[in-house]
Structure formats: structure tokens, C-alpha cells
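Worksheet: one structure, shown below.
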Amino acid sequence: VQLQASGGGLVQAGGSLRLSCAASGRTLSKYVMGWFRQVLGKEREFVAAIRWSDGITYYGDFVKGRFIIARDNAKNTVYLQMNSLKLEDTAVYYCAAVDSSVLSVMAGYYDYWGLGTQVTVSS
């Protein structure tokens with residue numbers, strides 16, 4: 001599976017961004033797709049995951065209703081809608097995939113990764 005993330009950028013605190021992750025190379029019906037983020041010098045942090053087959057989602061505790069993960073079957077794309085962005089949301093965001101039905105929060109569980117996209121939230 002090849003993953004291509006996009007949509008990052010600079011946004012003011014309180015604003016919104018939508019990240020996209022386009023997948024190719026495999027049918028994703030049996031996959032879980034996840035979003036992680038990483039700040040330089042820190043471990044990669046789980047943001048959200050979605051099970052492609054039924055759309056079940058799971059979020060990191062810090063999200064608190066601000067982010068929404070969704071999939072588009074026709075486009076083989078996963079989105080992360082990020083609202084009410086905070087300064088601490090600044091990070092490189094990565095999309096990931098694993099051939100599994102488990103919505104794991106562990107980065108090591110995922111087999112495929114895209115290049116990250118930078119999200120910078122300014123005051």
C-alpha cells in the first residue's frame with residue numbers, strides 16, 4: 001500500500017484544516033487506517049483510526065471531539081478534519097495503514113506509512 005498525505009499548512013489557533021491520505025496499491029476493505037502526529041524529539045502520537053470495512057472510528061484522548069476521521073471509498077482516501085486547532089496541535093502528521101480489523105493506537109502496529117505533512121498552528 002502506498003500512502004500520500006497532504007493538506008497540511010499554517011493556520012491560526014481556532015482554525016481548521018483537512019488532511020487527506022490517498023491510498024493506492026491495494027483494496028482497503030480489510031484495512032485499518034490511522035493518523036499519527038509527531039513533534040521533533042517526541043514519540044509518534046496516535047490521533048485517530050478508522051476501520052475501512054464498517055467505518056468504526058477511534059480517537060486519541062486529546063482530540064476531545066475536535067477532529068473527525070472519515071473515508072471515501074470511491075477515492076480510496078482517508079480524511080482528518082481538524083477543527084478548533086490549538087498551538088499544541090503543531091506537528092508533522094502521518095497517515096498509516098495495516099491489514100487488520102483492530103483499531104490500534106500503537107504506531108508499531110501499522111505496516112505502511114506515508115510521508116508526513118506539516119501542520120503549524122500559530123497564535
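The values are calculated or read from the model by the stated rules, or taken from the named source; none is laboratory data. Remember, it's a predicted structure, so these values are computed and weren't measured experimentally. To get the accessible areas, we keep the full protein, side chains included, count just its heavy atoms, and leave off ligands, DNA and RNA. Shrake-Rupley method; radii C 1.70, N 1.55, O 1.52, S 1.80 Å.
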Averaged per residue, the 1.4 Å probe accessible area of the chain, protein heavy atoms only, in Å², is roughly 51
Computed on Cα atoms, Rg of the stretch 45-105 relative to 2.2 N^0.38 Å comes out at 1.13
Share (percent) of C-alpha pair distances in the chain greater than 18 Å works out to 45
Stretched fully, the stretch from Ile56 through Gln118 gains (0.36 nm per residue minus C-alpha distance, one decimal, in nm) 19.7 nm
Carbon plus sulfur, as percent of the 1.4 Å-probe accessible area of the chain, comes to 50
